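As structure tokens, the structure follows; a few thoughts come after it.
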Amino acid sequence: MNKFNKFAAAAAAFALAAASASCSAPEAITFGKGSQTALTVDGYEVPAGVFIYNEIYAYNTAQYELYSKNGQMPTLDEVKNSTIQSKDAVDWIQDQATEACRDFVASEKEFEKIGGELTADEKAQVKDYLSQNSSNSTLSVNGVGEESLRKIIENSFKTEAIFKHYYGIDAEKGCSESELKEYYQDKTTRVKYFTISLVDENGEQYGADEKRTLNKMADEYIKEINSQSSNDKKLKKIDECGEEYNKYVEERAAKAAEEAAKEAGETVTTTTTTTTTTDASATTTTTDPYANEVLVTKYTTTVAEENTDDTATTTTLSAEQEAAKKSQKDYNDYLFNKLDDYKAEKYQYDDDTIYIVIKADIKERMTDDDLWSKDQIESLLSERYYKDFQDMMKGISESLSVNKNNTAYSRYSPFKLDLEAK
């Protein structure tokens with residue numbers, strides 16, 4: 001999901017919450033003259049419907065905060081009586097909603113500052129979102145009307161437009177397309193591989209003779225692949241070697257079953273499989289020439305930290321899990337820093353498996369119809385600059401003054417809303 005479309009994320013959360021809610025249909029909230037504006041942010045009057053929307057979203061967040069801690073989805077009363085980040089639930093939810101409204105106004109003001117205007121396509125998407133959520137009782141019965149909903153949806157598109165203005169290709173804080181390509185090339189590689197198992201179907205290690213046979217096969221596969229006259233042929237050959245190994249495994253299993261049956265005194269039926277070989281010059285139609293490839297992302301501590309939820313608790317790994325994690329890091333380091341392009345090698349990071357692996361040049365797939373599409377470019381820009389953008393917008397948001405309408409905050413206190421409407 002697009003990181004900027006906060007409305008879509010919230011709508012999904014509301015739908016999930018409503019799925020387990022009651023089927024009551026209470027009377028919709030109406031706004032009095034003194035509570036139509038929930039708060040004023042730097043002169044911008046935030047409608048009560050926008051504030052209520054953010055309260056509902058904050059309530060759902062509170063639910064999942066408690067769920068992540070206790071492993072059980074809390075009831076409304078359990079949320080109401082809880083303490084979240086040293087605050088009682090009402091204060092926490094309203095504080096979250098206030099910050100969301102301030103962020104909302106920051107996007108509105110910045111969009112106006114850059115002279116932004118929604119495109120015809122974006123306006124059509126806004127209309128679609130409105131239509132899809134017109135029957136959302138969680139919103140409507142709590143006073144989030146069509147006009148407030150429209151403002152919220154448009155704000156998501158405005159936020160995305162602000163990001164593109166500052167962090168898009170060749171933008172003030174962004175980068176050139178060639179720099180973005182370098183960023184992607186540095187962190188991504190293409191790999192083809194197959195594995196040779198050194199353990200049987202019961203997880204028991206094979207004997208020394210079978211291990212020697214398998215290692216010899218692996219060495220022969222490596223030699224065959226690297227002897228090919230072109231890179232494309234090497235990539236094709238590794239697939240053929242993988243198929244050859246799979247055939248060996250099938251024949252070994254059949255032979256073992258046959259010997260077991262003989263020992264048990266059973267009648268053995270031998271099935272002969274006929275393989276038809278197609279002339280090498282025949283034309284083969286392949287729907288996806290990269291079907292057997294894997295795209296691998298470089299492991300970095302920074303990426304791991306960025307993908308960690310701030311609210312997540314530290315998980316203690318067992319010795320076995322720590323060992324597996326280290327093995328994965330070592331393998332990742334091997335692929336990016338030690339394995340040359342188009343040179344097949346045998347890799348083994350435990351006693352159970354041999355990897356026959358070859359790495360290909362990622363640049364060869366960076367075309368408009370493959371790995372360098374418009375969606376990919378937008379995704380990479382978001383990945384690279386979203387944190388910087390968040391920091392920029394948070395700086396703008398925090399500079400805005402907030403005047404709360406205490407009447408509205410009291411009237412629309414979260415637990416006076418119908419948070420279980422379906």
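What follows draws every value from the coordinates through simple rules; no lab data is involved. Bear in mind the structure is a predicted one, so any value in this text is a computation, not a measurement. We place every Cβ from the backbone using ideal geometry, glycine too, and count neighbours over all the protein chains shown.
For a straight C-alpha distance cut-off of 16 angstrom, the lysines reachable from K325 (same-chain residues fewer than eight places away being disregarded) are K298. Annotation: amide H of N142 within the under-5 Å range of I29, sequence separation 5 or more or interchain, hydrogens built in the peptide plane. Working note: Karplus 6.51/-1.76/1.60 with θ = phi - 60° gives the range 364-375 the couplings 5, 9, 8, 10, 4, 8, 10, 8, 10, 7, 4, 4 Hz, where Gly and Pro are set to x. For the range 40-57, backbone phi angles converted through the Karplus equation (6.51, -1.76, 1.60; θ = phi - 60°) give residue-by-residue couplings of 10, 10, 6, x, 8, 7, 8, x, 4, x, 5, 5, 4, 3, 6, 5, 4, 4 Hz, Gly and Pro being listed as x. Say the cut-off is 29 Å between C-alpha atoms; which of K87/K387; K187/K211; K181/K343; K192/K247; K233/K363 go over it? Distance filter (> 29 Å) returns K187/K211. Sorting 159-167, 227-235, 74-82 by their mean Cβ neighbour count within 10 Å, with the most densely packed peptide first, gives 159-167, 74-82, 227-235.
Remark: spin-label model distance Q185-E201 equals 4.8 nm, labels positioned 7 Å along the Cα→Cβ axis. The 3J(HN,Hα) values that the Karplus relation (6.51, -1.76, 1.60; θ = phi - 60°) gives for the range 249-262 are, in residue order, 4, 4, 5, 5, 5, 5, 5, 5, 5, 5, 5, 5, 5, 5 Hz. Gly and Pro appear as x. Among the aspartates and glutamates, select those whose C-alpha is under 19 Å from the C-alpha of K329, and discard any that sit fewer than 8 residues away in the same chain. Within the straight-line cut-off, K329 pairs with D186, E305, E306, E320, D340, E345, D350, D351, D352. With an a/c value of 1.5 or above and a/b not larger than b/c for the gyration tensor axes a ≥ b ≥ c computed over the alpha-carbon atoms, the range 85-127 is described as oblate. In this structure, the amide hydrogen of T353, modeled 1.01 Å from its nitrogen in the peptide plane, lies closer than 5 angstrom to those of L198, counting only residues at least 5 positions away or on a different chain. Proximity of backbone amide H atoms, modeled 1.01 Å from N, is registered between T188 and K298 at under 5 Å, excluding neighbours fewer than 5 places apart on the same chain. Remark on the range 33-161: hydrodynamic radius 16.0 angstrom, per the Kirkwood mean of 1/r across alpha carbon pairs.
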